[in-house]
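One structure is given below, encoded as structure tokens.
Every number in this text was worked out from the coordinates using simple rules, so none of it is lab data. These numbers were taken from a predicted model, which means no experiment stands behind them. Ideal geometry is used to build each Cβ from the backbone, glycine not excepted, and the neighbour counts take in all protein chains shown.
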């Protein structure tokens with residue numbers, strides 16, 4: 001199991017970015033597994049202008065990155081993260097993909 005607490009890092013990012021996006025047309029939702037799971041997870045979902053994005057991360061650092069439009073999935077990637085910096089880079093990329101007008 002990773003020494004980095006990716007789930008808490010994701011929760012902290014959500015708390016910061018949730019405040020930063022007030023007044024911007026982006027909806028952000030956060031969730032995390034409840035109970036006594038060995039492999040816990042948390043996720044962020046973003047929605048803006050017909051685009052959807054989701055990042056699911058497990059306590060091990062494994063992550064699933066997905067971005068789509070109303071017409072279907074555009075990107076679906078698996079990542080193995082080793083640092084909070086890598087997580088933040090992936091989240092920044094997710095936000096950019098969801099708010100993009102292209």
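Looking at the P(r) of segment 48-102, how many percent of alpha-carbon pairs lie beyond 12 Å? I get 63 percent for the Cα pairs in segment 48-102 exceeding 12 Å. For the Cα trace of the chain, dividing Rg by the Kirkwood Rh returns an Rg/Rh value of 0.96.
Highest mean first, what order results for 61-74, 40-53 on Cβ atoms within 10 Å? Spell out each step's value before the answer.
On the way: 61-74: 14.3, 40-53: 18.2.
Peptide ranking by packing, descending: 40-53, 61-74.
The long axis of helix 84-99 is offset from the longest Cα principal axis of the chain by roughly 20 degrees. Between residue 62 and residue 16, the FRET efficiency estimated from the beta carbon spacing at R0 = 22 angstrom works out to 0.40.
Set the Förster distance to 25 Å, then compute FRET efficiency between residue 86 and residue 33 from the Cβ-Cβ distance, nearest 0.05. Between residue 86 and residue 33 the formula returns 0.75.
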